[in-house]
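The values are calculated or read from the model by the stated rules, or taken from the named source; none is laboratory data. The structure presented is a predicted model; accordingly, all values stated were derived computationally and were not measured. Glycine gets a Cβ as well: all are built from the backbone with ideal geometry, and neighbour counts include every protein chain shown.
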Amino acid sequence: MSKRTLIIGAGGVGNVVAFKCAMNADTFGEITLASRTKSKCDAIAENVKAKTGVAIKTAQVDADSVEELVALIRETEADIVINVALPYQDLTIMDACAACQVDYLDTANYEHPDEAKFEYKEQWARDQLFREQHIMGLLGSGFDPGVTNVFVAYAQKHYFDEIHTIDILDCNAGDHGYPFATNFNPEINLREVSAKGRYWENGEWIETEPMVIKQVWDYPEVGPKDSYLLYHEEMESLVKNIPHLKRIRFFMTFGESYLTHMKVLENVGMLGIEPVEHQGQKIIPIEFLKTLLPDPASLGPRTKGKTNIGVFVKGIKNGEPKTVYIYQVSDHEKCYEEVMSQAVSYTTGVPAMIGAKLMLEKRWYEEGVHNMEEFDPDPFMEELNTQGLPWKVMELDADATLEVKEN
Ligand code: NDP
C-alpha cells in the first residue's frame, strides 16, 4: 500500500529530508512538507521538483499547537511524521502523533524555550503512551545524535565484547567566508556551545565550565583541529544502553575566530534567552542575534571543505584490549551539488530519512519510544553507504590515539 509522509520544518535540514525522501519516493509515497512559513516549503518543493522530478505537497502549520498538528496529520493521512522543526516542538508533535496513532521521528531532543537545558526525560516519559497507541517514536535520528549512536552499536556488535570508553569526535572544517555564522539554527547552536561542559565517568556526570577542556585531535582527511569538550545529548542514552561503559565524552571543533565572536557576544549579553526591554518592546537577545546572522540555509553555496564525525572506541574483545575508530567524511560542496544544502544539514537530513525509511519498511520497528542504538545497526549502516554518507572503520592498536599532544 502506498505510504504518506509528513515532514515538519523547512529549514536547512528540512530541505535535505525533502530531497532525500523524494529520491526514495518508492518508500515515502506521497510527501508533504509543512512548516510555520509556507513560502519556504514552496521554495523547497520547487527545487525538489526541478532536480528530482518528484512533486511534493506543502502546508502551513504552527507546530506549537497540538490541535493544528492533529488536523494536518489527519488531512494528509500520514503514516509517519518526520520532525525537523526545532527541539521546542518535539513534545507537541509527539502528542499529536499519539492522538492520531502515527509514527514519529526527530533529530534533536526536547528543549524548553525558556531554559537552556536539553534531556530525554520528557520524551522517554511518552514511551507508555506510544505503546498504548501502538506507534513508534525514534529519537535523535540525525548525525549526532543519530549516526554516532549507530556507530557505537555497530562497534558493540562487530568489534567488542565490552566497550569501556567512547570519544565522539565532531569536526567541521568547512569555511563559509563570513567572519561569524552558525551552520545550523543559530539559537540552538549558540545555546549548545555556551552551556557548561559535561562528560560521564565511572557512573557519574562531571560538569565543567563551558569550553575549558581542549584537545587537538587528528581527523583523517581533515588534519589536526582544536576540539572542545561539550555536553551532547547522545551521551544520555548511550550511558543507559551500553553496558560496561566506563567513560564517554564528546568533542567538537571550533576555530579561534568563532570562539572570540562567541565570547564577545556572551559578554555583551547577546546570547541571553530572557526577554529584555528595548524602547518599549520586549526582545530576546539570542533571537535578535539570529535575525542578524546569516541564515544557515544561505551558507550552502559558499561553504567549502569537509566534515568528519566519528566515534573513537576502546574496550576488549576475547580478553584483548582494542581500539576502533568509525567515521564519516562529507564534503560541503558535494552535498550542495546534490541537494542544495551544506554538509551540516546534509549529514543530519540523510540519517533522518534513513531512520524513517527503516521504520516505514518495518526493518526497524518496535512500539514505544526508542533511541537509535537499541536497533540492529547493520541495515542503517548499509543505507548510509548507499544514500550519500559512506563511512570507514579503522582497527587500531590497543593504545592508539588520534589525540595530538601539544608541547
Ligand atoms: P532551521 O532553523 O534552519 O529550521 C527550522 C525550521 O523549523 C524552520 O523552517 C522553522 O520555520 C520551523 N519551525 C520553527 N518553529 C516552528 C513552529 N512553531 N511551527 C512550525 N515550524 C516551525 O533549523 P535546522 O534545519 O538547522 O535544524 C532542524 C532541526 O535539526 C533542529 O531541531 C536541530 O536541532 C536539528 N539538528 C540536529 C542535528 C543532529 O545531528 N542530530 C544537527 C543539526 C541540527 P521558519 O522558517 O518559519 O522559521
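Among the residues of the stretch 128-161 satisfying the criterion of being within 21 Å of TYR346 (Cβ to Cβ) and assigned to a strand (DSSP E or B), which is farthest from the ligand (Cβ to nearest atom)? Looking at the filtered set, the residue picked out is LEU138.
So is THR92 under 21 Å from GLN133 (Cβ atoms), within 13 Å of the ligand (Cβ to nearest atom) and either among the small types (Gly, Ala, Ser) or free of Cβ contacts under 8 Å to residues at least 40 places away in the same chain (or both) or not?
Working: under 21 Å from GLN133 (Cβ atoms): yes; within 13 Å of the ligand (Cβ to nearest atom): yes; either among the small types (Gly, Ala, Ser) or free of Cβ contacts under 8 Å to residues at least 40 places away in the same chain (or both): yes.
When the stated conditions are applied, THR92 passes them.
When the helices (runs of 4 or more DSSP H) confined to the stretch 1-73 are screened for residues that are within 15 Å of the ligand (Cβ to nearest atom) and under 20 Å from the mean Cα position of the chain (by Cα), those reaching at least 2 such residues are found at 12-22.
As a summary of the residue check, ASP64 satisfies the conditions (1) farther than 16 Å from ARG36 by Cα; (2) surrounded by fewer than 18 Cβ atoms within 10 Å (Cβ to Cβ); (3) in contact with a helix residue (DSSP H, G or I) (Cβ under 9 Å, 6 or more places away or on another chain) except for the one numbered (1).
Does PHE143 satisfy the criteria of being modelled with pLDDT under 95, under 14 Å from the mean Cα position of the chain (by Cα) and of a type outside the set (Asp, Glu)?
It is false that PHE143 is modelled with pLDDT under 95, under 14 Å from the mean Cα position of the chain (by Cα) and of a type outside the set (Asp, Glu).
Sort out which residues of the stretch 86-103 are outside any strand (DSSP E or B) and out of contact with any Phe, Trp or Tyr (no Cβ under 7 Å at 6 or more places or on another chain), and write them in order of number.
LEU86, TYR88, GLN89, THR92, ASP95, ALA96, ALA99, CYS100, GLN101, VAL102
Taking the conditions exactly as written (surrounded by fewer than 19 Cβ atoms within 10 Å (Cβ to Cβ), in contact (Cβ under 8 Å) with a residue 12 or more places away in the chain and either in contact with an Asp or Glu (Cβ under 6 Å, 6 or more places away or on another chain) or not aliphatic (A, V, I, L, M) (or both)), does SER194 satisfy them or not?
Details: surrounded by fewer than 19 Cβ atoms within 10 Å (Cβ to Cβ): yes; in contact (Cβ under 8 Å) with a residue 12 or more places away in the chain: yes; either in contact with an Asp or Glu (Cβ under 6 Å, 6 or more places away or on another chain) or not aliphatic (A, V, I, L, M) (or both): yes.
Yes: the conditions hold for SER194.
Applying the criterion of being closer than 20 Å to MET252 by Cβ and touching a helix residue (DSSP H, G or I) at 6+ places or on another chain (Cβ under 7 Å) to the residues of the stretch 310-330, the residue that is surrounded by the fewest Cβ atoms within 10 Å (Cβ to Cβ) is GLN328. Only strands (runs of 3 or more DSSP E) whose full extent lies in the stretch 262-344 are considered here, and the ones with at least 1 residues that are of a type in the set (Ser, Thr, Tyr), in contact (Cβ under 8 Å) with a residue 12 or more places away in the chain and closer than 20 Å to ASN172 by Cβ are 306-317, 320-331. Residue selection: ALA78 satisfies the criterion of being more than 22 Å from the chain's Cα centre (by Cα), at pLDDT 95 or above, buried (at least 23 other Cβ atoms within 10 Å of the Cβ) and not in a helix (DSSP H, G or I). Of the residues making up the stretch 176-192, those that are in contact with a strand residue (DSSP E or B) (Cβ under 9 Å, 6 or more places away or on another chain) and either more than 9 Å from the ligand (Cβ to nearest atom) or farther than 16 Å from ASN15 by Cβ (or both) are HIS176, GLY177, ILE188, ARG191, GLU192.
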